[in-house]
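The values are calculated or read from the model by the stated rules, or taken from the named source; none is laboratory data. As the structure is a prediction and not an experimental result, all values here were calculated from the model. Counting neighbours? That spans all protein chains shown, and the Cβs are built from the backbone with ideal geometry, glycine included.
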Amino acid sequence: MDAKEKNLLIEIHVKAADGRERNFTGYPVAPGCILTARHGLLPDVMPEAKTIEVRWHELDDRDERRRWRPATVIWQNDPLDAALLQCDFPKGLTGFGWPSDQPPRDMTCWASAGFAWAGNRSETKSGSFDFHGDVYSAASIKPRFDIGVKDEALEVAYWEGSSGMPIFVERRIIGVAVSTGGAVGAKRFKASPVCLMLLDPAFRDAISYDAREKRRDEARAALVAFLVASGPVRTALGEALKVGTRDPKIWADALADKLLEAGIDEAIQAVYRAWDRLGGQRCRVEDCAAICEVMGLILPVVYDEGVIDGARKRCSMSETIFLELPAGIETVAEVIMAGVHGRPACFKPLRDRNKFPVGKYVLPEPPDSGFDSESACQRDIQADLYNKLVAGDESFFDDLLVKTVIVDAQKHRDNRLSNDDIILMVAPELIRRARFRKERYYFILKLPNTYDARPPKLVALENLKSRYRQMLDFIILGQAGDVNIILQEQECFWLLKEILPGTTENKS
């Protein structure tokens, strides 16, 4: 949980007509939605006999947006001791956390912040307290898992007010803290897993978490049709997954279900084993293309849906200028963006097997977009594009899009069309590609790793986003400066460097 995430921490105050009051913690998980612990909301009190208010605690005291705002309960679950509140978010505060559908895993590190011992509705006295420790997994049906607390308090009472705080692992919310105490006192919290909340259709509906099933069904149908038609790939995957039958349709159904229900590591390794059975880098061109298509279909489905759903919501918000993804490498960005726009993940052919693959629709497209070469030159181009954005120069980006999507640009120039006339052709072409081919381009902003070093506003970016809102995304790799996340992503996606075709290799 980094500083930017802590800036979104929400303080909740509940007061009943009988005089009882509670102060505790919540966190935004979707536009207008705050996740918290149910017990702090005085669930035994009727809604008309209590008031619920929230505020973004970390805003400056002088900021009017820090005021208390009324909130209402829109979802609650007694066994999980979890609830969702709805309220109008402060203007300009569009951020929210990433609910994860992944179960808690042993000995992963968690972090959070909560209003320990807040107990006070004043404008200045309550304060947040930072936590971190290790995660302890639980049986999949249990409504609680344990999280260890390092630097624990002397007494459990000191943690009062921390209920409802989000449990972050790798910048994703895996649970909500609900209680302390028991045999280990202040050394542990009990938390409710978000993955169980996501099994509740009402919860998914409340945070608009319903796109996954649709994407899964579409991917499954495409995968089954593809495996029925491709005998060699079906056979190789069947051997890799130990699934086989004589009927191609039944066989394809079983393979599709097994691939789409697998974890992302397991799915990638299964496809790799199938690719290896087909001959590896010496396999036929058509078999290599088929394996890549299978990989592209499954990756956006088996990847963490909380991340994809959060990115989709941010894309749909009119105030979103650029989209910050919880990703460290461009390979992961492509998987997320494929999920956001409901298409398979597509990667450019590898020019160097020592480099991780990048998305097919990333701008710019070296070296076929008018740029001279890769490596140092390409890094210089990215730096130059960023500097021009900061300086307010939009023309370079229009030229970049012309080079990318207007294939007859030079012919138009020969016919004496002006550059401005050709630029006018870009938006309609992008719309057609997005609508009929699901080809939506995105541009990765290479911003400085530290927030303090970033300009408060990229001068030209807002105009460009307004001009190309329905056809182009600007994204930032939010974890590009986190070596631990980068190493984890590289470990997960390393096999793609072997499977994907290269640009200079001859296949038999």
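A few points about this structure:
- Leu299 being at pLDDT 95 or above, within 16 Å of the chain's Cα centre (by Cα) and within 19 Å of Phe347 (Cα to Cα): yes
- Selection from segment 383-403 of residues that are within 13 Å of Leu461 (Cβ to Cβ) and either basic (Lys, Arg) or not assigned by TED's automatic domain parsing to the domain that holds Ile423 (or both): Lys388
- Filter result for the condition that a residue is modelled with pLDDT of 80 or more, under 24 Å from Glu5 (Cβ atoms), in contact with an Asp or Glu (Cβ under 9 Å, 6 or more places away or on another chain) and in the same structural domain as Ala338 (by TED's automatic domain parsing), over Ile444, Ile485, Ile406: Ile444
- Flag if Lys360 is touching a Cys at 6+ places or on another chain (Cβ under 9 Å), modelled with pLDDT of 90 or more and either surrounded by fewer than 19 Cβ atoms within 10 Å (Cβ to Cβ) or over 29 Å from Cys288 (Cβ atoms) (or both): yes
- Subset of segment 172-187 (residues that are in contact with a helix residue (DSSP H, G or I) (Cβ under 7 Å, 6 or more places away or on another chain) and modelled with pLDDT under 80): Thr180, Gly181, Gly185, Ala186
- Looking only at segment 27-58, and only at residues there that are of a type in the set (A, V, I, L, M, F, W, C) and free of Cβ contacts under 8 Å to residues at least 40 places away in the same chain, the one that is nearest to Ile174 (Cα to Cα): Leu42
- Considering residues of segment 209-221 that are hydrophobic (A, V, I, L, M, F, W, C) and out of contact with any Pro (no Cβ under 8 Å at 6 or more places or on another chain) only, the residue surrounded by the most Cβ atoms within 10 Å (Cβ to Cβ): Ala211
- Taking segment 190-243 as the range and being in contact with an Asp or Glu (Cβ under 7 Å, 6 or more places away or on another chain) and part of a strand (DSSP E or B) as the test, the residues that pass are Lys190, Ser192.
- Of residues in segment 222-261 being hydroxyl-bearing (Ser, Thr, Tyr) and surrounded by fewer than 18 Cβ atoms within 10 Å (Cβ to Cβ), the one modelled with the lowest pLDDT: Thr245
- Residue that is farthest from the chain's Cα centre (by Cα) [pool: residues in segment 244-263 that are in a loop (DSSP other than H, G, I, E, B) and farther than 19 Å from Lys214 by Cα]: Arg246
- Here Pro193 clears all of (1) closer than 30 Å to Trp159 by Cβ; (2) crowded, with 20+ Cβ neighbours inside 10 Å; (3) touching a helix residue (DSSP H, G or I) at 6+ places or on another chain (Cβ under 9 Å) except the condition numbered (3).
- Residues in segment 88-103 that are part of a loop (DSSP other than H, G, I, E, B) and touching a Leu at 6+ places or on another chain (Cβ under 9 Å): Pro90, Leu93, Gly95, Phe96, Gly97, Ser100, Asp101, Pro103.
- Restricting segment 75-100 to residues that are hydrophobic (A, V, I, L, M, F, W, C) and under 21 Å from Arg314 (Cα atoms) leaves a set whose member that is surrounded by the fewest Cβ atoms within 10 Å (Cβ to Cβ) is Leu93.
- Residue in segment 328-337 that is assigned by TED's automatic domain parsing to the domain that holds Lys446 and more than 22 Å from Asp265 (Cβ to Cβ) present: no
- Segment 312-332, subset among the small types (Gly, Ala, Ser) and surrounded by fewer than 24 Cβ atoms within 10 Å (Cβ to Cβ), residue nearest to Phe356 (Cα to Cα): Gly328
- Residue that is nearest to Leu241 (Cα to Cα), among those in segment 255-277 that are of a type in the set (A, V, I, L, M) and touching a Cys at 6+ places or on another chain (Cβ under 8 Å): Ile268
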